[in-house]
Amino acid sequence: MRDAQPQAIHLQDYRAPDYWLDATELEFDLHEDHTRVDSRLTFRRNSAAAADAPLLLNGQGLELLSIHLNGTLLDAQDYQLDEESLTITTVPAEFVLEVSVRIDPAANTALEGLYRSGGMYCTQCEAEGFRRITYYPDRPDVMSVFTTHINADAEQYPVLLSNGNKVADTTEGGRRRVTWHDPHKKPAYLFALVAGDLLVKEDQFTTMSGRNVTLQIFVEPRNIDKTEYALDALKRSMRWDEEVYGREYDLDIFMIVAVDDFNMGAMENKGLNIFNSSCVLANPATATDTAYQRIEAIVAHEYFHNWSGNRVTCRDWFQLSLKEGFTVFRDACFSADMHSATVKRIEDANIMRTVQFAEDSGPMAHPVQPDSFIEISNFYTVTIYEKGAEVVGMLHKILGKEGFRKGTDLYFERHDGQAVTIHDFVQALQDANKVDLTLFKRWYKQAGTPVVQVESHYDATAQQLHLTLRQHCPDTPGQSNKLPMWIPVQLGLIGSNGDDLPVQVSPANAWTEASQVLHLTESEQTFVFSGLAEEPRLSLLRDFSAPVKVDFEQSDEDLLFLLQHDSDGFNRWDAGQRLMLRWIDRARAGRFRLAAAEQQALSALLADTQLDPAMVAYLLNLPSEAYIAEFSAVIDPLAIHSARRQVQQALAVALASDFAACYQRLHSTAPYQPQPAAMAARSLKNLALSYWVKSSAEGMEQARRQYQQADNMTDQMAALVALVNSGERVQAEALLADFWQRWQHDPLVVNQWLAVQAGSAEFGTVEQVQALLQHEAFDWRNPNKVRSVLGAFANQSLVNFHRADGAGYDLLTDAVLKLNDSNPQIAARLLTPLTRWQRLVPAAGQVMKARLQRIKEHGSLSKDVYEVVSKSLI
Ligand code: B3K
Ligand code: ZN
């Protein structure tokens, strides 16, 4: 909280630190009402720094007890102290600094630094949380070897953990003292500490060079039956990184700890990952297939950071996507290998189109490498993560699998143990492949979603197709007149029998049969395809080969044909979505009718046992309201909602017997297994059920039966959601009450229960959401609960959130202001839907804007909220 206006930090102002840190030794003394932290830091002046350079340390909310420099106690005149830093005016070229501070983890509701969650202590230091633990050069380019001693009550905190290997463990007078040593140099953001009364589930992994690694998952005792899947996912991740990237784990122990109060999903601290319990704990009775897949992906993501993030880290926070974009790309490939590559691509494109494209067209739009920020916590965004991963994915497409691997090998070899930049990453790929990626690097610097306009002309006499591609990128805050990007456009030409046609293209160097990629590098290029005896259908941007929008007119018939025949699964889905968007548009205009051919095509897909059921589930799934909104020039949430409902109902009725048959075919009474094939079958079965309940009493009855008889949360939850959305209010209420009775003891299941209600059109009304905020299950201090109720409401229950009188916006505004004081990161994140006011129909947009004004006028805004609000009101 601050009075002065927060200032932006700029990439161009980066300077290397004046002092390097060789060793960090920390002593934590944990007590119920306070914690004492003593540090011993061994500094060495950077040879490039001036001899009289002062030492600057970051620190926030610390009570300074003492400072010793080379053993001498410093006086107040030897240093300057303010709210955010400690500056020691004169220091020698090499010295040891000892600082003692007192902190109050129990009062830490921001969940940054050292805090209490339930009965345990834990830390979250990325990005700038370490400065809430002690005075320190809290920047990622300062890396040192850490030794950590933890002292605590032996009985209350039998488990005391930090990074690296345990090297000492003694107990005296009821206090335990454990020492950890991490031999790998690391920045402070990767530091972690945990103290609690925890149980551990253990396993072993033998690395590719034959070393044995102990794997441990620490949980509160009630969760010990929910650790198996994460452990299995961890072993698969470790093997995958060896096989695909040649990367081996580098300590003898790898630990994961599950905590309930956590601002995001998980954190890759060296050797000691800390996880939001919702992203690691699962058993069949309590976790859905979606949760299982999320756990698998996040366990992999955090593990992969050991190389892409920890061994090679970021020089400064403007390089955040260096580790995040690359690691998301790595975890996406892992998930694709574990399940279905097509389905994973569909899921990722869905996120890009609904969330990232929205960010790119809003007031917080920023490049993958931002050039300024006020609060770095606001930049853990879909642009840094998902668009960053798409950019790495394009490099993979451009270089090919082998070329990409050569590049990453060079990157890891060249920069192991260093804090580097995005430029260094691209340079390594370039050097290993002898290609010039200068032009490609614009992807990192230019914000906004490029639009590729396509024009095609078939010349029957010459048997040629002329394809003209033009690109432009809209202005974004602070950026206009963008330069052309290097856009890999993967495409296929499809003949009338549905097969891909062999392609000869000029300029010829732009294409290989294996990659099927055209490289669009200028604002306009024309490619000529020859030897085409018939006019082909175009399948463009296969595999979502670039994070762009495509503007290409294709008839309904063409889209239906692609939905049925495209050899690229992603484009089958894409064609279906484009068609469905048209249906929804027509429904808005009151003239939607499902054509017989369309009905037949969908019916055939549902009955096709050769196809991956998980893919069919996506093919039959209508675009979400958020997706439809993103494809609308002006967003009218209420109109979108009712048009989508209409199309959904029409499909439910037209395909009633197909959905019923599909359900019966896939419904299984075999015991639940979190295996890919079983998950895929359940996803289609439950999609079929969601339609079936809308058309018949029989479907309703089956949903009730499934709810009652399911041996797993996937089926139970799917049945509950189907009934909640069926419009049969009384029944839905009864089941929601029943669900609460069954599951009130399990916080992770209760979170799902809260989200189902808050995110539904029927049960997520403003009044009901207010009631949920008063419910005994709700807790403002727990980010998962806040997300389950307020996040679900504002992002999914659009028809209620956008209520014309602004009551939905008020609800969110009040929540943001409340959280601004206790947990600024969560407050700022919750605010996102209010920042989109310019895209809404003007009446709603103005009502929303007034709420942003109200927040801006609030007395003391955190940097986090201030940045989002002030940028949104420009
Ligand atoms: N690196 C962390 C995110 C930290 C967020 C800090 N506000 C998790 C991850 O991306 O793996
Ligand atoms: Zn990450």
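The values are calculated or read from the model by the stated rules, or taken from the named source; none is laboratory data. Bear in mind that the values here come from a model prediction, so they are computed numbers and not experimental data. Positions of Cβ are generated from backbone atoms using ideal geometry, with glycine treated the same way; all protein chains shown enter the neighbour counts. The accessibility values were calculated without ligands, DNA or RNA, using every heavy atom of the protein model including side chains. Shrake-Rupley method; radii C 1.70, N 1.55, O 1.52, S 1.80 Å.
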Test: residue in the range 344-353 that is within 16 Å of ligand 2 (Cβ to nearest atom) and modelled with pLDDT of 95 or more: yes
Qualifying residue in the range 399-411 (condition: touching a residue at least 24 places away in the same chain (Cβ under 8 Å) and closer than 17 Å to R315 by Cα): yes
Strands (runs of 3 or more DSSP E) wholly inside the range 21-71 that include at least 1 residues being open to solvent by less than 30 Å² (accessible area, probe 1.4 Å), modelled with pLDDT of 95 or more and under 26 Å from G119 (Cα atoms): 35-45
Among the candidates E126, E155, residue that is outside any strand (DSSP E or B) and under 27 Å from I826 (Cβ atoms): E126
Residue in the range 569-585 that is assigned to a helix (DSSP H, G or I), surrounded by 19 or more Cβ atoms within 10 Å (Cβ to Cβ), in contact (Cβ under 8 Å) with a residue 60 or more places away in the chain and at positive phi present: no
Looking only at the range 322-340, and only at residues there that are of a type in the set (S, T, Y) and open to solvent by less than 20 Å² (accessible area, probe 1.4 Å), the one that is nearest to ligand 2 (Cβ to nearest atom): T327
G400 being more than 16 Å from ligand 2 (Cβ to nearest atom), in a helix (DSSP H, G or I) and not hydroxyl-bearing (S, T, Y): yes
Top-ranked residue of the range 159-196 - restricted to ones that are more than 24 Å from R132 (Cβ to Cβ) and open to solvent by less than 50 Å² (accessible area, probe 1.4 Å), ranked as nearest to the chain's Cα centre (by Cα): N165
Subset tally (residues that are open to solvent by 40 Å² or more (accessible area, probe 1.4 Å), closer than 20 Å to A291 by Cα and not in a loop (DSSP other than H, G, I, E, B)) for the range 688-734: 2
Residue count, the range 129-148 (criterion: assigned to a loop (DSSP other than H, G, I, E, B), more than 16 Å from ligand 2 (Cβ to nearest atom) and over 20 Å from L160 (Cα atoms)): 7
Residue match in the range 263-276 (condition: within 14 Å of the chain's Cα centre (by Cα), assigned to a helix (DSSP H, G or I), within 11 Å of ligand 1 (Cβ to nearest atom) and at pLDDT 95 or above): no
Number of the exception - L622 against (1) over 29 Å from K397 (Cα atoms); (2) in a helix (DSSP H, G or I): (2)
Candidates R247, R236, R294, R315, filtered to the one that is open to solvent by 10 Å² or more (accessible area, probe 1.4 Å), charged (D, E, K, R), within 16 Å of ligand 2 (Cβ to nearest atom) and touching a residue at least 60 places away in the same chain (Cβ under 8 Å): R247
Cβ pairs under 6 Å, 6+ apart, first in the range 251-272 and surrounded by 22 or more Cβ atoms within 10 Å (Cβ to Cβ), second of a type in the set (K, R): K270/K186
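Being among the small types (G, A, S) and part of a loop (DSSP other than H, G, I, E, B) is the filter here; which residues of the range 415-443 pass it? Don't jump to the end; show me each part of the working.
Let us first name the residues in the range 415-443 that are among the small types (G, A, S), namely 417, 419, 428, 432.
Matches in the range 415-443: G417 only.
Take T109 and decide whether it is at pLDDT 95 or above, open to solvent by 30 Å² or more (accessible area, probe 1.4 Å), polar (S, T, N, Q) and in a strand (DSSP E or B).
On the way: at pLDDT 95 or above: yes; open to solvent by 30 Å² or more (accessible area, probe 1.4 Å): yes; polar (S, T, N, Q): yes; in a strand (DSSP E or B): no.
So T109 does not fit the description; no.
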Residues satisfying the stated conditions in the range 202-233, i.e. without any contact (Cβ under 8 Å) to a residue 24 or more places away in the chain and not charged (D, E, K, R): Q204, T206, G210
Single condition L493 does not satisfy, out of (1) open to solvent by less than 60 Å² (accessible area, probe 1.4 Å); (2) part of a loop (DSSP other than H, G, I, E, B): (2)
Which numbered condition D289 misses (of (1) more than 12 Å from ligand 2 (Cβ to nearest atom); (2) under 19 Å from A192 (Cβ atoms); (3) within 22 Å of the chain's Cα centre (by Cα); (4) surrounded by 20 or more Cβ atoms within 10 Å (Cβ to Cβ)): (2)
Any helices (runs of 4 or more DSSP H) falling wholly within the range 759-823 and containing at least 2 residues that are of a type in the set (A, V, I, L, M): 766-774, 792-796, 798-801, 807-822
Tally of residues being surrounded by fewer than 23 Cβ atoms within 10 Å (Cβ to Cβ) and away from ligand 1 (no atom under 11 Å from the Cβ) across the range 298-311: 1
Check on A614, open to solvent by less than 30 Å² (accessible area, probe 1.4 Å) and in contact with a His (Cβ under 9 Å, 6 or more places away or on another chain): yes
Whichever residue in the range 112-128 is of a type in the set (A, V, I, L, M) and more than 14 Å from ligand 1 (Cβ to nearest atom) and, among such residues, is surrounded by the fewest Cβ atoms within 10 Å (Cβ to Cβ): M120
So I351, is it more than 29 Å from A110 (Cβ to Cβ), among the β-branched types (V, I, T) and either open to solvent by 10 Å² or more (accessible area, probe 1.4 Å) or more than 16 Å from ligand 1 (Cβ to nearest atom) (or both): no
Residue among Q752, Q702, Q708, Q741 that is touching a residue at least 60 places away in the same chain (Cβ under 8 Å) and of a type in the set (S, T, N, Q): Q752
Among residues of the range 444-465, those that are of a type outside the set (K, R) and either part of a loop (DSSP other than H, G, I, E, B) or open to solvent by 60 Å² or more (accessible area, probe 1.4 Å) (or both), counted: 12
Scope the range 312-337; condition away from ligand 1 (no atom under 11 Å from the Cβ), over 15 Å from T408 (Cα atoms) and under 13 Å from the mean Cα position of the chain (by Cα); matching residues: A332
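What number of residues in the range 72-106 are assigned to a loop (DSSP other than H, G, I, E, B) and either crowded, with 17+ Cβ neighbours inside 10 Å or among the basic types (K, R) (or both)? Don't jump to the end; show me each part of the working.
Within the range 72-106, the first condition is being assigned to a loop (DSSP other than H, G, I, E, B), and the residues that meet it are 74-75, 82-84, 89-93, 104.
When the remaining residues are screened for being either crowded, with 17+ Cβ neighbours inside 10 Å or among the basic types (K, R) (or both), the result is 91.
Of the residues in the range 72-106, 1 are assigned to a loop (DSSP other than H, G, I, E, B) and either crowded, with 17+ Cβ neighbours inside 10 Å or among the basic types (K, R) (or both).
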Matching entry among V328, V299 (being in contact with a Leu (Cβ under 8 Å, 6 or more places away or on another chain) and either assigned to a helix (DSSP H, G or I) or touching a residue at least 60 places away in the same chain (Cβ under 8 Å) (or both)): V299
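Tally the residues that are in a loop (DSSP other than H, G, I, E, B) and open to solvent by 50 Å² or more (accessible area, probe 1.4 Å), restricting the search to the range 843-871.
Restricting attention to the range 843-871, the residues satisfying the condition of being in a loop (DSSP other than H, G, I, E, B) are 858-862.
Right, trim to open to solvent by 50 Å² or more (accessible area, probe 1.4 Å) and you get 858-859.
Residues that pass the stated criteria total 2.
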